[in-house]
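One structure below.
The values are calculated or read from the model by the stated rules, or taken from the named source; none is laboratory data. Bear in mind that the values here come from a model prediction, so they are computed numbers and not experimental data. All Cβ positions, even for glycine, are placed from backbone atoms using ideal geometry, and neighbour counts span all protein chains on display.
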Amino acid sequence: MKSVNLNPVQEIYHLWEPVYPYLSQQILELYNRKDGNILEIGPFSGVIFNLQKRNKGSSFLIATFPPGMGNFFYEETIKQKVEDKIRVIETDPALTGIEESSIDLAIFRGAFFFPSLFKVNFSAIYRVLKTNGVGFIGGGFGKFTPDSVIKDIGKRSRELNLQIGKIEINEDRLRQDIQAEIMEGEMEVISERGLWVLIRK
């Protein structure tokens, strides 16, 4: 993986902290469980800290890339005093090192918008999900985040996203990309204040 300036990625993590509780709410509504092995994927992780605080889940793993983000998230677990609860590993979009059928809920924010950083590997996500597992893959503020929060961070978030190389992707294009991925299970596109793919294995 090529070297990338991680400063804007790390700033986005902190900028979006007020959003994580609201995104968690939407994810929990779809997941509809209080236990299970929870995985957050990629450089834009953050929601998992809120899920752990709410005691929603039995185990918590951040699988991050590109190189360098692992240290960042590990330091964050120490700051939040959850280093014994949330494990951090550095991996790649193929989720190397994560066991097959070991995850109940996989979350991947910023998934489709940064092709200069990575390409989403749907089959890898599907591989690590257990039967009846749920994947929440995509990006956006989600349906519960208040307008006031979006207004506060929207401008800076756009600037940082452009620095990282964000592209726009519409629902039609996303649906075409999904159709190219042949897998069993259900896939549904959610486009309310964001663009997400919900996978149910």
When restricted to 86, 107, 125, the only residue touching a helix residue (DSSP H, G or I) at 6+ places or on another chain (Cβ under 8 Å), among the aliphatic types (A, V, I, L, M) and closer than 20 Å to residue 200 by Cα is 107
So, first residue free of Cβ contacts under 8 Å to residues at least 60 places away in the same chain in segment 31-50, second residue assigned to a helix (DSSP H, G or I) and of a type in the set (Asp, Glu), Cβ within less than 8 Å, six or more apart or across chains; the pairs are 49/76
Looking across segment 150-201 at residues that are of a type in the set (Val, Ile, Thr) and assigned to a helix (DSSP H, G or I), the single one that is surrounded by the most Cβ atoms within 10 Å (Cβ to Cβ) is 164
Subset of segment 61-73, residues hydrophobic (A, V, I, L, M, F, W, C) and either part of a helix (DSSP H, G or I) or in contact with a Lys or Arg (Cβ under 6 Å, 6 or more places away or on another chain) (or both), comes to 61, 69, 72, 73
All conditions in (1) over 22 Å from residue 194 (Cβ atoms); (2) of a type in the set (D, E, K, R); (3) surrounded by fewer than 14 Cβ atoms within 10 Å (Cβ to Cβ) are true of residue 90 except (3)
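One line per residue, one yes/no per condition, for (1) at pLDDT 95 or above; (2) in contact with a helix residue (DSSP H, G or I) (Cβ under 7 Å, 6 or more places away or on another chain); (3) farther than 30 Å from residue 37 by Cα:
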position: 130; (1), (2), (3): yes, no, no
position: 136; (1), (2), (3): yes, yes, no
position: 139; (1), (2), (3): yes, no, no
position: 142; (1), (2), (3): yes, yes, no
position: 148; (1), (2), (3): yes, no, yes
position: 152; (1), (2), (3): yes, no, yes
position: 156; (1), (2), (3): yes, yes, yes
position: 159; (1), (2), (3): yes, no, yes
position: 168; (1), (2), (3): no, no, yes
Exception for residue 18 within (1) out of contact with any Gly (no Cβ under 8 Å at 6 or more places or on another chain); (2) buried (at least 19 other Cβ atoms within 10 Å of the Cβ); (3) assigned to a loop (DSSP other than H, G, I, E, B) falls at (2)
